[in-house]
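The values are calculated or read from the model by the stated rules, or taken from the named source; none is laboratory data. In this text the structure is predicted, and so the values were computed from the model without any measurement. Neighbour counts are summed over all protein chains in view; Cβ atoms, including those assigned to glycine, are modelled from backbone coordinates with ideal geometry.
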Amino acid sequence: MPLLQIIFKSDTKRITVKPVFEGITKAGDYFKDYMNYMITSVAGEDKSKALIVVILLVIVVFLLKNLFNYLAMYFITFLRNGVLKDLRNELYDKIVSLPLSYFSEKRKGDIMARIGTDVLEIQTSFLSILELIFREPLTILFTIIFMLTISIKLTVFVFIFIPISGLLISIIGKSLKRKSDRVQHEQGYFLSLLEETLTGLRIIKGFNAEDKFSEKFRESTSRFNKFSNSLLNRTNLAKPTSEFLGIAVIAVLLWYGGTLVLVDKSLDGEAFLAFMGLAYNILTPAKEISKASYNVKKGNAAAERVLEVLETKNPLKDKENAIVKSSFDSEIEFKNISFKYEDEFVLKDFSLTIPKGQTVALVGQSGSGKSTLANLVTRFYDINKGSILIDGTDIRELTKKSLRSQLGIVTQDAILFNDTVKNNVQLGVQKATDEEIINALKVANAWEFVK
């Protein structure tokens, strides 16, 4: 405003003596006089030169604004991607630490969706507003200070309408979390179908079940499409709604401010123009914040799904001061053990002793508990009753790592990880020599086709 007065008002008094700051109550007058003094010092009475000074000031201000904006985005990029990386690492570490019983109740595809798309949604919804958190509140604060120096009445008038606008936007965005939750769950479901299809493709083809699985997948993607459209249409209301409400505030402000200028004569035209510019400056970040609030509500659903995994308690944790077992010496004993999946007992009061060096074969019908015994001795599950002893020590007293280091597992399904043969063979013994690896391959009768 002082810039406009100096250039366009002929009766504006020129300040030739540097003004003195006299306290916060007169901060507005000090700012006006100081700007007047600076322009007068450079341009004197030459209005053309004063105009050039103003143009240069505007260029410098916007240059600095965009420079600091870039620097802020530069550092926020590292922060945002760093948080994303740490969150994915935390999720992965948590997933591999959870017992097998957890995955018996969860779809693998849904777990993959949580570490993939849900974490990405958190980045989009929460981490993308970091810039707003640091930048927009300061923009609003300084803008309000300048607005108050021009007109307290107009400033109060603006802040009567902004909360009303915020309330309307909040009402529109109320159902976003529920809609987003449906989208995330459905995405997890069709990723689970995809994972099951790839894992069991031989069975699907063998039983001519391609059409059945294709139909299930199409039904899931149709639901996902429907839920996504509903969510995006509600989200897309954010921008036009905030835009319209912003223009409505400007329109009412034009009417009230115009009255103060043209009728009451209590406000200068230049001051009103400057105030309108500031008002628009405050509406832009306000609209961005309202848009961000929509994203936060969307992200809440994804965040809850991620936290559900991170906050899951692990019932198979090592005891405090658990024993580290370095060797297997005498025998494995199953002592009156009972175990059930959910409410149905698979093993009840089962006992067996296996001396070291003895080969024992368990024979029985499918589902009689043979694989369950292997899962229990490796402590993939904990028994409900009784005890499993190795060399007379309950396996619950041992660290899981030291227990499993004494055991070898050959699963019913052959699994090769996407790595070299060497790394697959030495999976459990990272420091195995080439000679030890070759010997292991020979013992497994695999050396002939590997070499």
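Can you tell me which residues in region 370-381 are in contact (Cβ under 8 Å) with a residue 24 or more places away in the chain and either more than 19 Å from L398 (Cβ to Cβ) or out of contact with any Pro (no Cβ under 7 Å at 6 or more places or on another chain) (or both)? Lay out the reasoning, then the answer.
Taking region 370-381 as the starting set, the residues that turn out to be in contact (Cβ under 8 Å) with a residue 24 or more places away in the chain are 371-381.
Matches in region 370-381: S371, T372, L373, A374, N375, L376, V377, T378, R379.
Among L398, L403, L389, which is under 26 Å from E331 (Cα atoms) and in contact with a Ser or Thr (Cβ under 8 Å, 6 or more places away or on another chain)?
Values: L398 fails: in contact with a Ser or Thr (Cβ under 8 Å, 6 or more places away or on another chain); L389 fails: in contact with a Ser or Thr (Cβ under 8 Å, 6 or more places away or on another chain).
Being under 26 Å from E331 (Cα atoms) and in contact with a Ser or Thr (Cβ under 8 Å, 6 or more places away or on another chain) holds for just one of L398, L403, L389, which is L403.
When you scan region 290-301, do you find a residue that is modelled with pLDDT of 80 or more, within 21 Å of L132 (Cβ to Cβ) and in contact with a Lys or Arg (Cβ under 8 Å, 6 or more places away or on another chain), even just one?
The answer is yes; a qualifying residue exists.
Tell me which residues, restricted to region 81-123, are among the β-branched types (V, I, T) and out of contact with any helix residue (DSSP H, G or I) (no Cβ under 7 Å at 6 or more places or on another chain). Walk me through it before giving the result.
If we filter region 81-123 for residues that are among the β-branched types (V, I, T), which is where we start, we get 83, 95-96, 111, 115, 117, 119, 122.
The answer is V96, and nothing else.
Can you pull out the residues in region 216-256 that are of a type in the set (D, E, K, R) and part of a loop (DSSP other than H, G, I, E, B)?
At the first step, the residues of region 216-256 found to be of a type in the set (D, E, K, R) are 216, 218-219, 223, 226, 234, 239, 243.
None - no residue of region 216-256 is of a type in the set (D, E, K, R) and part of a loop (DSSP other than H, G, I, E, B), so the list stays empty.
Looking only at region 174-210, how many residues end up being touching a residue at least 12 places away in the same chain (Cβ under 8 Å), surrounded by fewer than 20 Cβ atoms within 10 Å (Cβ to Cβ) and of a type in the set (A, V, I, L, M)?
2
For region 425-451, name all the residues that are surrounded by 13 or more Cβ atoms within 10 Å (Cβ to Cβ) and either within 36 Å of the chain's Cα centre (by Cα) or in contact (Cβ under 8 Å) with a residue 40 or more places away in the chain (or both).
Hit for region 425-451 is Q426, nothing else.
Given the criteria part of a helix (DSSP H, G or I) and either within 30 Å of R114 (Cβ to Cβ) or under 23 Å from the mean Cα position of the chain (by Cα) (or both), does F213 qualify? I'd like the intermediate steps shown before the answer.
Details: part of a helix (DSSP H, G or I): yes; either within 30 Å of R114 (Cβ to Cβ) or under 23 Å from the mean Cα position of the chain (by Cα) (or both): yes.
Answer is yes for this residue.
For N225, which of the numbered conditions (1) of a type in the set (S, T, N, Q); (2) surrounded by 16 or more Cβ atoms within 10 Å (Cβ to Cβ); (3) at pLDDT 85 or above fails to hold?
Here N225 meets the rest and fails (2).
If you take just the helices (runs of 4 or more DSSP H) that sit entirely in region 58-127, which of them hold at least 2 residues that are within 16 Å of the chain's Cα centre (by Cα) and either more than 30 Å from D318 (Cα to Cα) or at pLDDT below 80 (or both)?
Details: elements: 100-104, 108-113, 119-125.
So the answer is 119-125.
Which of the residues belonging to region 233-263 are of a type in the set (A, V, I, L, M, F, W, C) and surrounded by 13 or more Cβ atoms within 10 Å (Cβ to Cβ)? It would help to see each step written out before you state the result.
At the first step, the residues of region 233-263 found to be of a type in the set (A, V, I, L, M, F, W, C) are 237-238, 244-245, 247-255, 260-263.
Those that are of a type in the set (A, V, I, L, M, F, W, C) and surrounded by 13 or more Cβ atoms within 10 Å (Cβ to Cβ): L237, A238, L245, A248, V249, I250, V252, L253, L254, L260, V261.
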